[in-house]
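Let me begin by presenting the structure, written as structure tokens, before commenting on it.
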Amino acid sequence: MGCGNEKSVQTVENAQKKGNKKDEELKNEDVSHLHQKEEVPEFEGITRFCTELLYEINKVRKEPSSYSEIISKNKSNFNGLIFKTPNSKYNVNTKEGVSAYEEAEQFLKNCPGNENELVGSVGLCRIAQDFLKEFNDNEIKIDKVDNIKIKKIIDKYGKCSGNLCKLIATGGDELESVIINLIVCDGDTNRSQRNILFDKSFQKIGVAHQKHPIYRYVSIFILSTDFDNMVDRDDELD
């Protein structure tokens, strides 16, 4: 949704060995660099769901067409502007209806893949968690989210010398529904969040997800082009 100003890397193919690393090594550790869901670790308090969200983000960035069929199947769940899946008890009021899904489907079919995976960062995950906590605790509505002073949160966990953007998905608590939310961008004809999601300049990502008093569930993604962690052992992820 909004952009501001805000780097750390490592693969987790041997994720189980991370618990034995020294404190100084953990300082700049990354959450994930995922290739298969089976490799997603329970890392430093990052939930399984959040790490799988990171996997799913990289999947759709690398192979955009993989989600075109998923979105196509969901088009039958519209009744006018109301969206409701067969197994859900919730009606979702949309602004554009099925036309936004049709447009997203075509975009994915024509979008080139990106081989550069986003790497999960401890510091960015902490920023996402704090941002989501403030969003929830104050029951902030989505159109007022830019009132949250993200610069203060960023300064607690690292240094950003490049660009930093946040993405917000509301409502869903299933992997596919969260990703579809970001791709479709219902009501935003500029498709701002989608453009950020597929922007090749971003290298790092943090994510947080939890229940929300207004929107049922909220997922926050923090993407950065250049972010240095300042997270140490005494400030681990909750």
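The values are calculated or read from the model by the stated rules, or taken from the named source; none is laboratory data. From a predicted model like this one, the values you see are computed outputs, not experimental measurements. In this analysis, Cβ positions are derived from the backbone assuming ideal geometry, glycine residues included, and neighbour counts consider all displayed protein chains.
Screening TYR217 on (1) over 30 Å from ASN87 (Cβ atoms); (2) out of contact with any Phe, Trp or Tyr (no Cβ under 9 Å at 6 or more places or on another chain); (3) assigned to a strand (DSSP E or B) shows it passes everything except condition (1). Consider region 55-113 and keep the residues that are among the acidic types (Asp, Glu), part of a helix (DSSP H, G or I) and within 19 Å of GLY187 (Cα to Cα). The one that is nearest to the chain's Cα centre (by Cα) is GLU105. The residue pairs whose first member lies in region 97-113 and is at pLDDT below 95, whose second member is in a helix (DSSP H, G or I) and not aromatic (Phe, Trp, Tyr), and whose beta carbons are closer than 7 Å, counting only pairs six or more residues apart or on different chains, are GLY113/LYS62; GLY113/PRO64.
Residues of region 114-134 that are among the acidic types (Asp, Glu) and not in a loop (DSSP other than H, G, I, E, B): ASP130, GLU134.
With respect to the conditions (1) surrounded by 15 or more Cβ atoms within 10 Å (Cβ to Cβ); (2) more than 14 Å from HIS209 (Cα to Cα), LYS156 lacks only one, and its number is (1).
Looking across region 160-203, the residues that are part of a strand (DSSP E or B) and either crowded, with 21+ Cβ neighbours inside 10 Å or not aliphatic (A, V, I, L, M) (or both) come down to CYS160, ASN163, LEU164, CYS165, LYS166, LEU167, ALA169, THR170.
Among residues of region 136-157 that are on the phi < 0 side of the Ramachandran plot, those with a beta-carbon under 6 Å from a residue that is surrounded by 11 or more Cβ atoms within 10 Å (Cβ to Cβ) and of a type outside the set (A, V, I, L, M, F, W, C) at least six positions away or on a different chain give the pairs ASN136/HIS212; ASP146/GLY2; ILE148/GLU134; ILE150/GLY4; ILE153/ASP130; ILE154/GLU6; TYR157/GLY123; TYR157/ARG126. Residues in region 135-152 that are surrounded by 15 or more Cβ atoms within 10 Å (Cβ to Cβ) and assigned to a helix (DSSP H, G or I): PHE135, ASN136, VAL145, ILE150. Summed over region 109-134, the residues that are buried (at least 20 other Cβ atoms within 10 Å of the Cβ) and of a type in the set (S, T, N, Q) give a count of 2. Of everything in region 36-72 that is charged (D, E, K, R) and at pLDDT 90 or above, the residue that is surrounded by the most Cβ atoms within 10 Å (Cβ to Cβ) is ARG61.
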